[in-house]
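Novice: One structure is given below, represented as structure tokens, and several questions about it will come after.
What follows draws every value from the coordinates through simple rules; no lab data is involved. It should be emphasised that the depicted structure is a prediction, and the values quoted were computed from it without experimental measurement. For neighbour counting, all protein chains shown are included, and Cβ atoms are generated from backbone atoms with ideal geometry for every residue, glycine included.
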Amino acid sequence: MSRRKRKPLVASSRNALDQFKAEVMKKQGYDVPLDHPDAVKYEVAKEQGIPLKKGYNGSLTSEQAGKVGGPIGGNMVKEMIRMAQEQLKKQ
């Protein structure tokens, strides 16, 4: 069974989301190549001691996958909330 590629609701937003991910994770101290922001997940996995590799990772548990994706998505959400709060203060 192959893993489906997650798609944003607005397809044209993919590049902006990738750029946002790179910016957020750089602020967290990760070395993120701007041309390949998904590479940060390998750095997070290595830090957590999770054997994430390129390609199929069906042997990973849900807990392991969450330890990789959680910090990335969590930091993105925190930054979006911070940005929204800033905009509300300006109004």
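Novice: What number, rounded to the nearest 500 deg cm²/dmol, is the helix-based mean residue ellipticity at 222 nm of the chain, given -39500 (n - 2.57) per DSSP H run of at least four residues and division by all its residues? Present the calculation step by step, with values, prior to reporting the outcome.
Specialist: Working: 3 runs with 52 residues, N = 91.
Theoretical 222 nm ellipticity from helices: -19000 deg cm²/dmol.
Novice: Relative contact order of region 11-90, please, whole-number percent, based on alpha carbon pairs below 8 angstrom and at least 6 residues apart.
Specialist: Numbers: 44 pairs, mean separation 21.0, N = 80.
Relative contact order of region 11-90: 26 percent.
Novice: Give me log10 I(q)/I(0) at q = 0.10 Å⁻¹ for the chain, Debye formula, one equal scatterer per alpha-carbon, no solvent.
Specialist: -0.30
Novice: Going by average Cβ neighbours within 10 Å, how do the peptides 17-25, 29-37 rank, with the highest at the top?
Specialist: Working: 17-25: 17.4, 29-37: 12.8.
Peptide ranking by packing, descending: 17-25, 29-37.
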